[in-house]
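Enquirer: Before I ask anything, let me first share the structure, which is written out below as structure tokens.
The values are calculated or read from the model by the stated rules, or taken from the named source; none is laboratory data. All of these numbers come straight from a predicted model, not from anything done at the bench. Cβ: placed from backbone, ideal geometry, glycine included. Neighbour counts: every protein chain shown.
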Amino acid sequence: KNNDFVLSRLRVLSSGIKSFELTNRNEKKDLEEIASLVKTVTSMSADQLANQLGIPVIVARERLIAAETNSLLCRDDSIEGLRFYPNLF
């Protein structure tokens, strides 16, 4: 008999969007993985991250901003759109 089950929780993102996430998620590790992905392609938009991870664009944007808040990424908000780059400082 398998009693394994996965717990999830409702999380309200800074944009007000509500999202379910697994309780066993390690946010620090997730953000480091996102920063590593960005580093491999020099820069990334939320659309690109969403396509890469198979997640909604709004969630991808929130994760990129969280990585920026944790000093893993920095942003360039230009006429061409919002892009995130590795933080070299």
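Enquirer: Just checking, which of Asp47, Asp30, Asp77 is among the acidic types (Asp, Glu) and without any contact (Cβ under 8 Å) to a residue 12 or more places away in the chain?
Expert: Only one candidate passes the filter, namely Asp77.
Quick grid of which residues meet (1) farther than 16 Å from Ser14 by Cβ; (2) at pLDDT below 95; (3) of a type in the set (Asp, Glu):
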| residue | (1), (2), (3) |
| --- | --- |
| Ala35 | yes, no, no |
| Gln48 | yes, no, no |
| Leu53 | yes, yes, no |
| Val57 | no, yes, no |
| Arg63 | no, yes, no |
| Leu73 | no, no, no |
| Glu80 | yes, yes, yes |
| Phe84 | no, no, no |
